[in-house]
Amino acid sequence: PDLTESRNASAQEERRRGFEAMAKEAEAPYIITNIHHAEEGIMRRANSVVVCSTDWYALRLYETAKQYSAGIIGFDNIGFIDLLKIPLDSVSYDIKKTAQYALDYIEAGKLSEKPISHTVVARGSVS
């Protein structure tokens with residue numbers, strides 16, 4: 001397949017698009033920012049929920065979110081969150097299936113139209 005086409009394969013970009021579509025459909029207010037300005041956004045919108053495109057970003061912003069009574073959730077459900085004793089909620093998905101979708105695309109240009117199933121692992125960072 002032509003991997004130079006304009007389609008964006010970035011997981012973070014796809015997550016942002018999905019979140020924006022959901023928020024617009026629900027007519028829920030939201031802001032999009034980057035990691036460098038996220039703390040300012042949390043301070044201006046206390047008592048909100050911060051959706052981070054990765055658990056790494058969520059961990060970086062966790063203390064600020066808690067300080068301003070904001071909920072926070074990440075993606076990937078990285079394995080060591082439980083070891084840190086930080087109650088970070090995270091979106092978990094089947095990594096093997098995700099890898100297989102990527103291989104199918106690289107090898108045959110076959111792009112699955114089925115979304116990858118996912119669950120929210122609730123640990124208490126979003127009330």
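Can you compute the modelled spin-label distance between N34 and A122, with each label point 7 Å from Cα toward Cβ, in nm?
Taking the simple label geometry, N34 and A122 are separated by 3.5 nm.
Could you pull the accessible area for H36 with a 1.4 Å probe, rounded to 10 Å²?
140
Eight or more residues apart or on different chains, and alpha-carbon atoms under 17 Å: count the Lys pairs in the chain matching that.
Values: K66/K85; K96/K110; K96/K114; K97/K110; K97/K114.
Within the chain, the lysine pair count is 5.
Which value results for Rg/Rh of region 64-106 when Rg is the Cα radius of gyration and Rh the Kirkwood radius based on the inverse mean 1/r? Spell out each step's value before the answer.
On the way: Rg = 14.6 Å, Rh = 12.5 Å.
Rg divided by Rh gives 1.17.
Counting only DSSP beta bridges with both residues in the chain, what percent are antiparallel, rounded to the nearest 5?
Numbers: 4 of 10 bridges.
Of those bridges, close to 40 percent are antiparallel.
Assuming R0 = 35 Å, what is the FRET efficiency of E13 and K85, from their Cβ-Cβ distance, to the nearest 0.05?
Values: r = 32 Å, r/R0 = 0.90.
Between E13 and K85 the formula returns 0.65.
Between R44 and E107, what is the spin-label point distance in nm, taking each point 7 Å from the Cα along the Cα→C-beta axis?
Going from the R44 label point to the E107 one covers 4.8 nm.
What does the net charge come to around M43 if you take all other residues with beta carbon closer than 14 Å to its beta carbon, with K and R at +1 and D and E at -1? Don't skip to the end; give the middle numbers.
Details: positive: R44, R45, K66; negative: E39, E40, E63.
Taking every other residue near M43 into account, the sum is 0.
Can you compute 3J(HN,Hα) from phi for each residue in region 37-43, using the Karplus curve 6.51 cos²θ - 1.76 cosθ + 1.60 with θ = phi - 60°, rounded to whole Hz and x for Gly and Pro?
10, 5, 4, 4, x, 5, 5
Of V120, T54, L83, which is farthest on the positive side of the dipole of region 9-127, counting Cα position, with +1 on Lys and Arg Cβ, -1 on Asp and Glu Cβ, and the Cα centre as origin?
L83
What figure in square angstrom, to the nearest 10, would you give for the accessible area of I81 with a 1.4 Å probe?
Roll a 1.4 Å probe over it and I81 shows about 0 Å².
The values are calculated or read from the model by the stated rules, or taken from the named source; none is laboratory data. Source: prediction; values computed, not measured. In this analysis, Cβ positions are derived from the backbone assuming ideal geometry, glycine residues included, and neighbour counts consider all displayed protein chains. Remember, those area values only see protein heavy atoms, side chains included, never the ligands or the DNA or RNA. Shrake-Rupley method; radii C 1.70, N 1.55, O 1.52, S 1.80 Å.
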